[in-house]
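The values are calculated or read from the model by the stated rules, or taken from the named source; none is laboratory data. As the structure is a prediction and not an experimental result, all values here were calculated from the model. Every residue, glycine among them, receives a Cβ derived from its backbone with ideal geometry; neighbour counts consider all protein chains shown.
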Amino acid sequence: MRTKYLKALKRSLTGDSRTPLVFVCNFEVEQHWSTGFVGLPAAPFSMTGPLVTRMEELGALLAGPDDFLILQHPLDPGYVQYVGELGLTLPTVLIADGPGESTAAKAMNSPVLRDLAARGVQLMPMGVSDLEVRLAKATGMPLAAPDLETVIAVNSKIYSRRLVETSGLRAVPGWCCETVSEFTELMAALGPECTRESPVVVKDAYGVSGKGLVLVDDPRTADRLVRQVVRRAARRSDDRLHVVVERWLPKRADLNYQLTVDPGGAVRLDFVKEALTRDGVHLGHVSPAQLDSDQLAEIEKAAHTVGAALHRDGFWGVAGVDAVVTTDEVVYPVLEINARFNMSTYQGAVLETFDRLPASLARRHVLRLSAPLEFAAVREALGDLLIMDLSAGGVVVTCFGTVNAMAGDSAPFEGRLYTLAIGPDRAAVTALADAANQALDDLAEGA
């Protein structure tokens, strides 16, 4: 099915809604952007593990029948059958099996991609890193994205703060630091005043998924963090540090909205959702967000302001923006800009297919398993909760491959299933998602 959502995306990124695309859903892209930028002292972590890799299957429900999706593993046959019964048409799946860890690296020498390039197919990554640039060059496939230097620049939290400060949007009280000296001086002023009631948060300019973030809620934490930063700088003879420091806001809701900027500068607000997070880690989205007309208008204004600034700085494409509504209903419309696809980007085609129902809730379900599951077992466990009628509410499974991604490493292992509950209102989709969670818990216990 060629959805209006996908056609609009293609038109914005390639100039033609009929352009065939090769999707690479490289969820690990953000860790590449941080190379060369000094954040807070912390143990290194990897986003290229099996769970992250299998999340690339989320692209299957966005790409159209004329498109292609590069995966490291085939889609589960039972899941393919299920998607077909929903009336959705999957893209052609290309399996990347060359050397390397990431999907882009494994596809580098693909003769199939070189043939597609000769037919006018373009490469559409979730986000651009040096790997996707190399893949485009190796295959001769045009990259449907701006240049890498621009992408890296606009994804910094420092860039986001400065854009807000110069554009007149309401800014979270905060500061940018690009040297250890700046940070030391700032924390000397702020640290003694930090309490649990009035903390500040220090964020790496390229921190992701709750990493590279420290809540400073007492002077001792401030002193300890400064000592760590100073010691490392002295050891390396390097005064660089790329962080933002912000006042902690009491919040009612986290928001995420997506905008698309075309190469000519036109800006479109695609959606506004309420983000579900825990300890800075994304868990899902609920839509529509609970905003009054004035708050929504403020988000709409911010989206066009951000889009215009991004375009002036050489960026075009999809960008997700995090925002917050405080407990006194004040909207801070830009916490940070993520100039890439996000989880909600991949839900657009499904939501359009089931657009008779206005509310949705995306959720990830964690399963503790002792053995791999087939999709048939998940389907049986969810039973009547699964949508099979376009006019009825229910649950859509948006990614199954992550359920068995960790199988074989240890037992028991942790699997994840991604779903999208669709219904008439927020209460209905919350009840559906909770019922699905209970059914999957029962399945895991019995596995």
### Query
Only one residue in VAL93, VAL180 is among the β-branched types (Val, Ile, Thr), at pLDDT 95 or above, at negative phi and not assigned by TED's automatic domain parsing to the domain that holds SER17, so which one is that?
VAL180
### Message
Kindly evaluate ASP223 against the criterion of being part of a helix (DSSP H, G or I), of a type in the set (Asp, Glu) and under 17 Å from PRO41 (Cβ atoms).
### Response
yes
### Query
Given ARG170, ARG134, ARG119, which one is closer than 26 Å to ASP322 by Cβ and either surrounded by 16 or more Cβ atoms within 10 Å (Cβ to Cβ) or of a type in the set (D, E, K, R) (or both)?
ARG170
### Residues of region 79-98 satisfying the condition of being within 24 Å of ILE387 (Cα to Cα), surrounded by 16 or more Cβ atoms within 10 Å (Cβ to Cβ) and touching a residue at least 40 places away in the same chain (Cβ under 8 Å)
TYR79, TYR82, LEU86, LEU88, PRO91
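With respect to VAL208, is the statement that it is of a type outside the set (Gly, Ala, Ser), under 27 Å from HIS282 (Cβ atoms), part of a helix (DSSP H, G or I) and touching a helix residue (DSSP H, G or I) at 6+ places or on another chain (Cβ under 6 Å) true?
No; evaluated as a whole, the condition is false for this residue.
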#### Entry: Scan of region 236-276 for residues that are out of contact with any helix residue (DSSP H, G or I) (no Cβ under 6 Å at 6 or more places or on another chain) and not in a strand (DSSP E or B), ordered by number
ARG236, SER237, ASP238, TRP248, LEU249, PRO250, PRO263, GLY264, ALA266
### Query
Can you tell me which of LEU361, LEU382 is outside the structural domain of LEU255 (by TED's automatic domain parsing), surrounded by 15 or more Cβ atoms within 10 Å (Cβ to Cβ) and over 25 Å from the mean Cα position of the chain (by Cα)?
LEU382
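Hey, among PRO20, PRO65, which residue is out of contact with any strand residue (DSSP E or B) (no Cβ under 6 Å at 6 or more places or on another chain), touching a residue at least 60 places away in the same chain (Cβ under 8 Å) and crowded, with 20+ Cβ neighbours inside 10 Å?
Only one candidate passes the filter, namely PRO20.
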### Criterion (within 30 Å of LYS301 (Cβ to Cβ) and at pLDDT below 95) met by exactly one of SER209, SER167
SER209
### Message
Looking at the structure I just gave you, is ASP204 acidic (Asp, Glu) and surrounded by fewer than 18 Cβ atoms within 10 Å (Cβ to Cβ)?
### Response
no
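Can you find even one residue in region 384-400 that is of a type in the set (D, E, K, R) and at pLDDT 90 or above?
Scanning region 384-400 turns up at least one residue that is of a type in the set (D, E, K, R) and at pLDDT 90 or above.
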### Query
Residues in region 370-386: is at least one more than 15 Å from ALA435 (Cβ to Cβ) and touching a Ser or Thr at 6+ places or on another chain (Cβ under 8 Å)?
no
### Task
Select from region 324-370 the residues that are closer than 18 Å to GLU30 by Cβ and assigned to a helix (DSSP H, G or I) and list them in ascending order.
MET343, SER344, THR345, TYR346
### Query
What residue, of ALA189, ALA233, is hydrophobic (A, V, I, L, M, F, W, C), surrounded by fewer than 15 Cβ atoms within 10 Å (Cβ to Cβ), at pLDDT 95 or above and not in a loop (DSSP other than H, G, I, E, B)?
ALA189
### All positions within region 386-426 that are part of a loop (DSSP other than H, G, I, E, B), under 24 Å from the mean Cα position of the chain (by Cα), hydrophobic (A, V, I, L, M, F, W, C) and surrounded by 21 or more Cβ atoms within 10 Å (Cβ to Cβ)
PHE400, ALA405
### Query
crowded, with 20+ Cβ neighbours inside 10 Å, among the acidic types (Asp, Glu) and in the same structural domain as THR277 (by TED's automatic domain parsing) - does that describe any residue in region 318-325?
yes
### Query
Right, ARG162: touching a residue at least 12 places away in the same chain (Cβ under 8 Å) and either surrounded by 15 or more Cβ atoms within 10 Å (Cβ to Cβ) or in a helix (DSSP H, G or I) (or both) or not?
yes
### Query
Could you say which residue among LEU255, LEU283 is of a type in the set (A, V, I, L, M), under 24 Å from TYR418 (Cβ atoms) and surrounded by fewer than 19 Cβ atoms within 10 Å (Cβ to Cβ)?
LEU283
### Task
Could you please find all residues in region 11-40 being within 19 Å of the chain's Cα centre (by Cα) and in a helix (DSSP H, G or I)?
LEU13, GLU30, GLN31, HIS32, TRP33
